[in-house]
Amino acid sequence: EHFGPGADSPVLWLPDVFGYAWALPQLIKEAGLDYFFTIKIGWSQYNRLPYDSFWWQGLDGTRVLTHFSTTPDESAYASTYNAAASPKQALGTWTNFQQKELQRELLMAYGYGDGGGGPTREMLENIRELAEFPGAPRMRQGSVAEFFRKLEAESGDRLPVWNGELYLELHRGTYTTQSRNKRANRKSEFLLHDAEFLAALAAQVAPGYAYPHATLRRAWELVCLNQFHDIIPGSSIHAVYEESQQQYGEVRALGEQVRTEALAAIAGQTGGDLLVVNPTGFARRDLAHWAGPLPADRRLVQQDGRPVGVQPTDGGYWLDLGELPPYSVTPLRLAAGAPEPQATALTVSPTHLENGLLRVELDETGDITRIYDKQAHRELLPAGERANQFLAFEDRPMDWDAWDVDIFYEDKHWTAAPAESVQVVEMGPLRATLEIRRRILHSPYVQRISLAHHSPQLDVETTIDWRERHVMLKAAFPVDVLSPTATYEIQWGNVQRPTHRNTSWDWARFETCAQKWVDLSEGNYGASLLNDCKYGHDIHHNVMRITLLRSPTVPDPEADQGEHRFAYSLLPHSGPWDERTVAAAYALNDPLIVYRVSEPKEIADDALPPSLVTVDAPNVVIETVKQAEDGAGLIVRLYECRRWRGPVTLAAGFPLAGAWRANLLEENQTVLPVEGRQVTFDLRPYEIVTLRLR
């Protein structure tokens with residue numbers, strides 16, 4: 001944007017990021033890049049990657065040429081991107097390099113790069129003198145792109161392949177530290193996702209509506225700014241997080257503005273009293289929450305007259321509309337007559353929650369002592385175990401406080417005190433909830449444990465006043481499942497990691513990162529643990545744990561002090577995990593949206609398509625629907641999530657004049673044949689596809 005044509009680099013330059021997801025090679029190539037550079041994996045605690053130059057193979061099979069600089073840091077760690085270009089570092093770069101038989105030219109990144117400042121005259125003089133200095137590697141100036149192109153040309157066909165994620169055996173605490181920011185990041189991502197979809201739909205159906213490109217760009221720039229290292233890892237000073245929360249507030253205001261204006265434009269076409277939005281790519285029938293009021297003599301019905309199930313709750317109503325199509329808006333109207341009572345199998349008391357699919361039992365302390373899957377006819381918990389158990393661990397890492405969790409953290413821990421109260425706060429017919437008040441160490445917390453009438457998913461919403469220092473909080477779910485591997489969602493896919501600690505590579509992964517869900521399954525049964533804003537996890541043998549909070553004091557003495565809110569869910573399932581887990585995780589993070597129409601009118605027939613876009617394959621996730629940045633058509637981005645291969649047909653809710661496969665930069669790559677409102681293309685395992693639809 002600022003340096004003009006020809007200034008693009010072919011290199012993804014990420015020297016100091018704390019591990020790299022397995023989907024990254026594909027994203028690199030789809031963004032028009034060819035090479036990847038980092039130094040950070042050289043900081044791993046226990047194991048060194050056996051290569052410094054290699055082809056990194058991604059989750060979908062994409063390979064990208066990768067180089068880890070081996071320039072030694074002046075401190076204790078193995079590599080740096082802030083070299084002083086000293087003779088010692090020049091010699092150390094060559095000494096540390098593991099593949100001398102394949103490569104004779106190496107890359108040193110020099111200058112004060114961490115925090116700015118650049119090179120000094122002394123560094124430049126070192127480089128000049130080391131060009132011909134006896135007994136040391138010869139040094140010369142060059143570009144990073146030149147280095148990679150030469151490496152590919154001279155050694156590319158002989159370099160080894162690393163097929164897997166690049167896990168950093170360090171800085172594991174950054175998955176959790178400064179949890180408010182991580183929550184704001186997740187909520188912002190989904191808010192803008194929803195705003196883009198609704199704005200794209202409004203642009204399709206509402207004449208005169210203008211897609212708000214500038215507003216959305218401003219919001220995404222703020223989200224990306226706050227994904228900077230060190231902001232989102234939680235390793236910045238206190239003032240950063242004060243400013244960051246203000247910026248997330250601006251993101252929220254911008255996103256809600258776009259969402260509301262788009263819904264108002266859509267309502268002008270559809271009519272009705274309420275609009276219920278399914279903003280995900282899955283058909284779903286979870287409950288919607290409407291912040292009322294609902295007159296006692298009126299009931300909600302759908303366009304075809306079907307009644308909507310209603311249950312009063314705090315500040316509004318739960319609504320049950322049945323199944324809603326993907327990427328859809330459903331209008332409702334208020335009709336004469338009181339809501340009809342609904343009979344379900346849902347029951348609740350201070351010691352149990354039960355529906356037709358699941359029975360959950362609690363003891364007098366508030367612990368879950370039994371989860372019985374009525375469909376599978378099996379106990380989910382091992383005998384004598386407790387689920388949803390809070391565990392507080394002494395958390396004093398050897399080095400960087402906000403960054404690290406060390407493996408010995410498990411040596412000392414505490415459990416929660418018995419419940420001060422357990423009471424029924426919702427009792428059906430659509431949803432039942434127990435409210436439990438407890439304390440762990442000095443921190444009081446309130447949990448609401450809920451079960452809907454038609455789902456085996458057990459939801460836990462927590463509000464906690466965190467008052468600890470150097471303590472890490474986890475929630476544990478032991479399950480009666482035997483598997484040597486567990487599955488963790490990553491960006492645009494998922495990865496299996498061991499549940500055992502057989503080797504140093506296994507036990508180094510004692511804390512790992514996931515996005516919205518993790519799962520532990522054996523052949524015909526399993527359980528998924530979903531979350532709405534957490535990232536740190538560990539699954540050892542048969543115990544699934546999610547990391548909720550930390551409380552370091554450096555560099556922010558007040559890190560994570562005060563009130564926090566978060567939700568997680570346990571989803572038992574027959575068979576291994578599949579699209580049910582993925583859909584449930586999206587639903588937890590992206591609830592159905594209920595919009596009150598300001599000027600109600602009769603519902604218009606055929607004002608909206610049943611879905612804006614759908615696919616015919618359950619293994620395909622439509623992640624993003626938005627208007628193209630250049631305004632020319634709709635961008636639909638999707639990915640394969642179950643390692644399946646084959647043709648996929650996408651159906652649009654509007655006539656198609658043309659379709660193209662594009663890259664991440666929305667540059668058209670190939671023309672796709674269109675048949676009516678459908679386009680069919682092939683998808684390989686875990687492939688990410690960007691489509692432009694006109």
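The values are calculated or read from the model by the stated rules, or taken from the named source; none is laboratory data. Since the model is a prediction, treat every value here as computed from it, not as a measurement. Reconstructed Cβ throughout: ideal geometry from the backbone, glycine too, with neighbour counts over all protein chains shown. The area values use the complete protein model at the heavy-atom level, side chains included, leaving out ligands, DNA and RNA. Shrake-Rupley method; radii C 1.70, N 1.55, O 1.52, S 1.80 Å.
What to note about this one:
- If you go through the stretch 266-298 and pick out every residue that is open to solvent by 40 Å² or more (accessible area, probe 1.4 Å) and at pLDDT below 95, you end up with 6.
- Scanning the stretch 222-237 for residues that are in contact (Cβ under 8 Å) with a residue 24 or more places away in the chain and within 18 Å of Tyr175 (Cα to Cα) turns up Val223, Asn226, Gln227, His229, Ile231, Ile232, Pro233, Gly234, Ser235, Ser236, Ile237.
- Summed over the stretch 610-649, the residues that are without any contact (Cβ under 8 Å) to a residue 60 or more places away in the chain, under 26 Å from Thr581 (Cβ atoms), in a loop (DSSP other than H, G, I, E, B) and open to solvent by 20 Å² or more (accessible area, probe 1.4 Å) give a count of 5.
- From the options Ala153, Ala145, residue that is farther than 30 Å from Leu549 by Cα, open to solvent by 10 Å² or more (accessible area, probe 1.4 Å), in contact with a Ser or Thr (Cβ under 7 Å, 6 or more places away or on another chain) and modelled with pLDDT of 95 or more: Ala145
- Some residue of the stretch 181-188 being under 23 Å from Ala265 (Cα atoms) and either of a type outside the set (Phe, Trp, Tyr) or in contact with a Gly (Cβ under 6 Å, 6 or more places away or on another chain) (or both): yes
- Qualifying positions in the stretch 192-207 - out of contact with any Leu (no Cβ under 9 Å at 6 or more places or on another chain) and either at positive phi or not small (Gly, Ala, Ser) (or both): His193, Asp194, Pro207
- When the stretch 139-161 is filtered for residues that are in a loop (DSSP other than H, G, I, E, B) and farther than 12 Å from Ser86 by Cα, the ones remaining, listed by number, are Arg140, Gln141, Gly142, Ser143, Leu159, Pro160.
- Taking residues in the stretch 424-448 that are closer than 16 Å to Asp314 by Cα and open to solvent by 20 Å² or more (accessible area, probe 1.4 Å), and partners anywhere that are in a strand (DSSP E or B) and among the small types (Gly, Ala, Ser), the pairs with Cβ atoms closer than 6 Å and at least 6 places apart or on different chains are Arg431/Ser450; Arg431/Ala452.
- Residue in the stretch 468-490 that is open to solvent by less than 40 Å² (accessible area, probe 1.4 Å), charged (D, E, K, R), out of contact with any Cys (no Cβ under 7 Å at 6 or more places or on another chain) and more than 22 Å from Tyr535 (Cα to Cα) present: no
- Index of the failed condition, Gln257 passing every other in (1) polar (S, T, N, Q); (2) farther than 28 Å from Leu638 by Cα; (3) within 27 Å of the chain's Cα centre (by Cα): (2)
- Whether a residue is in contact (Cβ under 8 Å) with a residue 60 or more places away in the chain and either surrounded by 20 or more Cβ atoms within 10 Å (Cβ to Cβ) or of a type in the set (Val, Ile, Thr) (or both) was assessed, and Ala219 does not pass this test.
- Single residue of the stretch 100-123 satisfying the filter (hydroxyl-bearing (Ser, Thr, Tyr) and farther than 18 Å from Gly42 by Cβ) that is most open to solvent (accessible area, probe 1.4 Å): Tyr112
- Qualifying residue in the stretch 611-619 (condition: in contact with a helix residue (DSSP H, G or I) (Cβ under 6 Å, 6 or more places away or on another chain) and under 19 Å from Leu201 (Cβ atoms)): yes
- One residue from Pro600, Pro576 being open to solvent by 10 Å² or more (accessible area, probe 1.4 Å) and closer than 30 Å to Asp273 by Cβ: Pro600
- Residues that are in a strand (DSSP E or B), farther than 25 Å from Val329 by Cβ and not hydroxyl-bearing (Ser, Thr, Tyr), drawn from the stretch 650-688: Trp660, Arg661, Ala662, Asn668, Gln669, Val671, Leu672, Glu675, Phe681, Asp682, Leu683, Ile688
- Out of Leu14, Leu33, sole residue that is within 17 Å of Val144 (Cα to Cα), in contact with a Lys or Arg (Cβ under 9 Å, 6 or more places away or on another chain) and hydrophobic (A, V, I, L, M, F, W, C): Leu14
- A search for C-beta distances below 6 Å between a residue of the stretch 473-490 that is closer than 16 Å to His413 by Cβ and any residue that is open to solvent by 10 Å² or more (accessible area, probe 1.4 Å) and not in a loop (DSSP other than H, G, I, E, B), counting only pairs 6+ apart in sequence or on different chains, returns Lys474/Leu391; Lys474/Arg545; Ala476/Gln389; Ala476/Leu391; Ala476/Val543; Ala476/Arg545; Pro478/Val543.
- Evaluated against (1) without any contact (Cβ under 8 Å) to a residue 60 or more places away in the chain; (2) among the aliphatic types (A, V, I, L, M); (3) crowded, with 16+ Cβ neighbours inside 10 Å; (4) under 28 Å from Arg259 (Cα atoms), Ala657 falls short on exactly one condition, (3).
- Residue in the stretch 184-195 that is free of Cβ contacts under 8 Å to residues at least 60 places away in the same chain and loosely packed, with under 13 Cβ neighbours inside 10 Å present: no
- Residue in the stretch 116-123 that is closer than 23 Å to Val11 by Cβ and of a type in the set (S, T, N, Q) present: no
- Selection from the stretch 121-134 of residues that are assigned to a loop (DSSP other than H, G, I, E, B) and either modelled with pLDDT of 95 or more or among the basic types (Lys, Arg) (or both): Leu130, Ala131
- Each residue in the stretch 183-232 was checked for being assigned to a helix (DSSP H, G or I) and either among the basic types (Lys, Arg) or more than 27 Å from Leu275 (Cα to Cα) (or both), and 10 of them qualify.
- Looking at the stretch 364-461, the strands (runs of 3 or more DSSP E) lying wholly inside it that each contain 2 or more residues that are in contact with a His (Cβ under 6 Å, 6 or more places away or on another chain) sit at 389-394.
- First in the stretch 556-583 and over 15 Å from Trp466 (Cα atoms) and among the aliphatic types (A, V, I, L, M), second anywhere and open to solvent by 10 Å² or more (accessible area, probe 1.4 Å) and part of a helix (DSSP H, G or I), Cβ under 9 Å, 6 or more apart: Ala567/Leu588; Leu571/Arg580; Leu571/Ala584
- Listed by position, the strands (runs of 3 or more DSSP E) enclosed by the stretch 518-607 that each have at least 3 residues that are out of contact with any helix residue (DSSP H, G or I) (no Cβ under 6 Å at 6 or more places or on another chain) and within 30 Å of Thr270 (Cβ to Cβ) are 593-601.
Conditions tested, residue by residue: (1) touching a residue at least 40 places away in the same chain (Cβ under 8 Å); (2) farther than 17 Å from Pro600 by Cβ.
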site	(1), (2)
Ala239	no, yes
Tyr248	yes, yes
Ala264	yes, no
Gly271	yes, no
Asp286	yes, yes
Leu294	yes, no
Gln302	no, no
